[in-house]
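Step one of this worksheet: look at the structure below.
The values are calculated or read from the model by the stated rules, or taken from the named source; none is laboratory data. No experiment lies behind these values; they were computed from the predicted model shown. So basically every Cβ, Gly included, is an ideal-geometry build from the backbone, and we count neighbours across all protein chains shown. Side chains included, ligands, DNA and RNA excluded: accessible areas come from the protein's heavy atoms. Shrake-Rupley method; radii C 1.70, N 1.55, O 1.52, S 1.80 Å.
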Amino acid sequence: MTFGNEDALNSYIRVYLDGQAEPVIEGMAPELVGGGVLAPEPLSTSVSPLTEPQRRGYNLYLPIPFADYNINVRLYDEGTRVVSAKSETFRDDTLAIRECAASLSKSNSSQATGKEQSSSGGVFPPGTECQISVTGKNLAVSNISLRLSGPDTAALLKGAVIRMWFDGHRTVEVPAGNFFGTGYTFNPCITRFTTVDTDGRLSSSWLMPFRDSCRISILNNSNDTIGVETLVTTVPYRWNENSMYFGASWKEYPGFETAGSENTGGTGLHTDLNIARVLVFNTADAWWGEGDEKIYTDGEVFPSSFGTGTEDYYGYAWCRPEPFNHPLIAQPAGNGNFHPGMSVNMRYRILDAIPFRESLRADIEMWHWVKTTIDFSVTAWFYMLPELK
């Protein structure tokens, strides 16, 4: 549940399930959704404390089961047993809720039993690469730590390209700034899977299993000589028929021409772009992210999930520029929300996954208030079965 509204402080929410006359959940919206009434941090949270309370986003990552179908829910096959929530459900299940919250809050650099570490580094001219190779069975990469140095920070974070091979199959090729969620400047931020420290250390904690071998490369695709220091941590992992390779993809739309609002002389004919994590260089004194997210499964012509705007999808509100951290959503940089500059938004869908049988497509409408030109890039993290490599 995501809530963000100008009248948020005075709004009251009641949730009725399966035709019951009495609400199973009720309360003032900010406290109920983001104030820890039903679950502790980070399952119940608001965004940056620097944002005015009436303009914040409030987010609740707590499943509310019920038997009858409604909009914006997961529809199970007919006959699936679903036990509807009751008022006492949220009181009786506090231990499970707290355990989930504690797991999400763990640092992505947490020490793991039986870990092994490999390191590499040095100075690398353009076109050369820093490499680490790990071989052996029953292993998985659990953490990648990276330090980069160079004369031009933007060129460094875009030109240092992270590439990964698992059992000889390349599944990752993404610029470091995109892969670690910092953009093209160093923006301190902590999520469930990535960290950017105040001293510029980048780290990732995606679990990356493999059968026999893993190779990680940092390719210098810039025009400058750069410094690289990297540390890779592996932990025991037993590969089985359900194991998958980690993957990440990146796509850039440089010089993208926005349609603009009809009220500002534009056409209003906005374009959908395929998305995951969004990095935008805005060039105008106007909000760039009014567009709706649209998620299609298994060849749908009309999306089964149709959102209400970029700031809602990424869990904040009113295009506020203040940075915020959360295990599942983050805005490391919001300089480009109101004015020319860079904005970075992230969302990890590990608690609101969307099942599908054959295909999944996630788009977002590129809705800018004015007709202008911006740079737009997207990164997606995912897992794939070996036969889909």
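Does region 284-389 classify as rounded, prolate or oblate by the C-alpha gyration tensor (a ≥ b ≥ c root eigenvalues; a/c under 1.5 gives rounded; else a/b over b/c gives prolate, otherwise oblate)? Write down the numbers at each step before the final one.
On the way: a/c = 2.08, a/b = 1.64, b/c = 1.27.
Here region 284-389 falls in the prolate category.
For T135, project a label point 7 Å along Cα to C-beta. Then give me every residue of region 162-178 with its amide nitrogen under 18 Å of that point.
Under cut-off, by backbone N: 165-170.
For region 164-265, taking Cα atoms only, what is the radius of gyration to one decimal and the Dmax to the nearest whole Å?
Looking at region 164-265, its Cα Rg and Dmax stand at 17.7, 59 Å.
Computed from the mean reciprocal separation of all distinct C-alpha pairs, what Kirkwood hydrodynamic radius does region 127-217 have, in Å?
Working: mean 1/r = 0.0729 Å⁻¹.
After inverting the mean inverse Cα-Cα distance, the result is 13.7 Å.
Give me the percent of accessible area attributable to carbon and sulfur for region 349-389, probe 1.4 angstrom.
On the way: 1380 of 2410 Å².
The computed percentage sits at 57.
Mind running the shape call on the chain? Use the C-alpha gyration tensor, a ≥ b ≥ c as the square roots of the eigenvalues: rounded below 1.5 for a/c, prolate if a/b tops b/c, oblate otherwise. Numbers along the way, then the final one.
Values: a/c = 1.72, a/b = 1.25, b/c = 1.38.
Here the chain falls in the oblate category.
As a test of reading the structure, rank M384, M244 by solvent-accessible area (1.4 Å probe, protein chains only), most first. Show your work: numbers first, answer last.
Working: M384 30, M244 70 Å².
Largest to smallest exposure gives the sequence M244, M384.
Which whole-angstrom value gives the distance between the alpha carbon centres of region 288-352 and region 139-188?
22
In Å², and per residue, what accessible area does region 265-389 have when probed at 1.4 Å with the other protein chains present? Walk me through the numbers on the way to the answer.
Details: 5310 Å² over 125 residues.
Here the residues of region 265-389 average 43 Å² of exposed surface.
Probe of 1.4 angstrom, ligands and nucleic acids ignored: what's the accessible area per residue over region 93-238, in square angstrom?
Details: 6420 Å² over 146 residues.
Heavy-atom SASA per residue in region 93-238 reads 44 Å².
Provide H339, H270 ordered by accessible surface of protein heavy atoms (probe 1.4 Å), highest first. Please list the in-between numbers first.
On the way: H339 100, H270 35 Å².
The most accessible residue leads, giving H339, H270.
Checking the table K106/K294; K251/K371; K137/K251; K106/K137 against a 29 Å threshold on Cα-Cα, which pairs fail? Mind showing how you got there, number by number?
Working: K106/K294 31 Å; K251/K371 22 Å; K137/K251 33 Å; K106/K137 27 Å.
In this structure, K106/K294; K137/K251 exceed 29 Å between Cα atoms.
What shape does region 315-369 take by its C-alpha gyration tensor, where a ≥ b ≥ c are the square roots of the eigenvalues and a/c under 1.5 counts as rounded, a/b above b/c as prolate, and the rest as oblate? Kindly include the intermediate steps, with their values, before the conclusion.
On the way: a/c = 3.12, a/b = 1.64, b/c = 1.90.
Judged from the Cα gyration tensor, region 315-369 comes out oblate (a/c at least 1.5, b/c at or above a/b).
Using only DSSP helix segments of four residues or longer, with each worth -39500 (n - 2.57), what per-residue ellipticity at 222 nm results for the chain after dividing by its residue count and rounding to 500?
-2000 deg cm²/dmol
Can you tell me the order of 250-263, 352-365, 49-62, 167-180 when each peptide is scored by its average per-residue count of other Cβ atoms within 10 angstrom, highest first?
Details: 250-263: 15.5, 352-365: 13.9, 49-62: 18.5, 167-180: 20.5.
Result, highest mean first: 167-180, 49-62, 250-263, 352-365.
Relative contact order, percent, of region 92-222 when contacts are C-alpha pairs under 8 Å separated by at least 6 residues? Don't skip to the end; give the middle numbers.
On the way: 237 pairs, mean separation 46.1, N = 131.
Dividing the mean separation by the residue count of region 92-222 yields 35 percent.
Could you grab the relative contact order for region 263-389? Cα pairs under 8 Å, six or more apart, rounded to a whole percent.
41
If you roll a 1.4 angstrom probe over the protein chains with everything in place, what fraction of the accessible area of region 195-257 belongs to carbon and sulfur, to the nearest %? Please list the in-between numbers first.
Values: 1280 of 2870 Å².
Carbon-and-sulfur percentage of accessible area, whole number: 45.
From Cα pairs below 8 angstrom and at least 6 apart in sequence, can you work out the relative contact order of the chain, rounded to a whole percent?
Values: 965 pairs, mean separation 71.0, N = 389.
Relative contact order here is 18 percent.
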